[in-house]
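> One structure follows; several queries about it will come next.
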Amino acid sequence: MGDINSSLWVALLAAAVLNGVPLLYGTLGEILSEKAGNLNLGVEGMMYMGGAVGLGAAFYYESAVGAGANGIVAVLLSLVFAFLAGAFAALIYAFLTISLRANQNVTGLALAIFGTGAGQFIGEYMRRTAGGYVSIGNDLKAVFAGSPFPAALQELPVVGPILFGHSIFLYLGLAIAIAMAWFLKRTRAGLNLRSVGESPATADAAGVNVTRYKYLATVLGGGISAIGGMVYIMTIASCVWNHEGLSGEGWLAVALVIFCLWRPLNAIWGSVLFGGLMILYNYLSLPMVPTQLYRILPYVVTVLVLIFTSLRNSRSKQPPASLGNSYFREER
């Protein structure tokens, strides 16, 4: 009985990590954007675009090359094109909110709708032109979903499937989270970026180019978030386009930003926790408890954390002071 329970928990943790990886990218991208004071609620749309374009890059590459398709090239193409799709969508948002000073909440919601529609359109177009089924070959699927570590490490008891049994995208996401945390805390550019998010007028007076930092943070953040959509399609969805598969991932990422208190390192364990809560119903099914209640657990936890941090009133646990506000230089 103990072995069964142990195996169940190992399987749950491994599945939590798997489902948390797309959330990790979405959260890190949104943290970078919000650190500059830009509340981009369009993460859902950018992840949809990243998922469709990332799959399309690998799909059309394999169609052009045939049996000689290289897995590493396919992964790089998916990463690059997914990033560019999200960066393009974020650039539209940045132009509207930074240059034209449009309302960030409304623009973000519009981007979520636009990006979701654009992603579904691209996916449906690929499906129709391919004859009703968009996927890649098993050899390429193994490269996207397979672990970069040797089998000996993957087969280690307990730690093997949890730490070493995942795709390269997990370890790339961990590297991005660590690099982002170091950048924000240890570099001059990172400190400038944080100052822009806290008080753009003060940063401007100190000689910091507020517009440049806001644009760069928003565009780069959008690209990182879009990679999360690609990772979901190429790992969890088995490299098959499903226009409903990504539904809710972007909104969970936005909630996770609040949960992890705008800290990149917290996003690592937070994404695993949210990933576990998302699939908990598959491993811990209680009678008379509908699946929908399990699915709202991440949002409930986020609200509780938000209430708790608000009551403590600690400045280090609050969002950037200028988050969601347009900067009018002439009013400085």
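> Select, from 193, 220, 246, the only residue that is in contact with a helix residue (DSSP H, G or I) (Cβ under 7 Å, 6 or more places away or on another chain) and within 24 Å of residue 302 (Cα to Cα).
246
> Restricting to segment 117-146, name every residue that is of a type in the set (Ser, Thr, Tyr) and open to solvent by 30 Å² or more (accessible area, probe 1.4 Å).
Correct list: 125, 129, 133.
> Can you name the number of the only condition in (1) in contact with a Gly (Cβ under 9 Å, 6 or more places away or on another chain); (2) surrounded by 13 or more Cβ atoms within 10 Å (Cβ to Cβ) that residue 190 fails?
Failed condition: (1).
> Can you name the residue in segment 199-233 that is among the β-branched types (Val, Ile, Thr) and more than 19 Å from residue 104 (Cβ to Cβ) and is also surrounded by the fewest Cβ atoms within 10 Å (Cβ to Cβ) among such residues?
Applying the filter and picking the extreme gives 202.
> Before we move on, is residue 44 open to solvent by 10 Å² or more (accessible area, probe 1.4 Å), under 30 Å from residue 194 (Cβ atoms), assigned to a helix (DSSP H, G or I) and modelled with pLDDT of 95 or more?
Yes, satisfied.
> Against the condition crowded, with 24+ Cβ neighbours inside 10 Å, at pLDDT 95 or above and either among the β-branched types (Val, Ile, Thr) or not in a helix (DSSP H, G or I) (or both), how does residue 21 come out, does it pass?
For residue 21, the condition - crowded, with 24+ Cβ neighbours inside 10 Å, at pLDDT 95 or above and either among the β-branched types (Val, Ile, Thr) or not in a helix (DSSP H, G or I) (or both) - is met.
> While we're on this one: If you take just the helices (runs of 4 or more DSSP H) that sit entirely in segment 84-158, which of them hold at least 2 residues that are touching a helix residue (DSSP H, G or I) at 6+ places or on another chain (Cβ under 6 Å) and in contact (Cβ under 8 Å) with a residue 12 or more places away in the chain?
So the answer is 104-129, 138-145.
The values are calculated or read from the model by the stated rules, or taken from the named source; none is laboratory data. Quick caveat: nothing in here was measured; it's all calculated off a predicted structure. For neighbour counting, all protein chains shown are included, and Cβ atoms are generated from backbone atoms with ideal geometry for every residue, glycine included. Accessible surface is based on the protein model in full, side chains and every heavy atom, while ligands, DNA and RNA are left aside. Shrake-Rupley method; radii C 1.70, N 1.55, O 1.52, S 1.80 Å.
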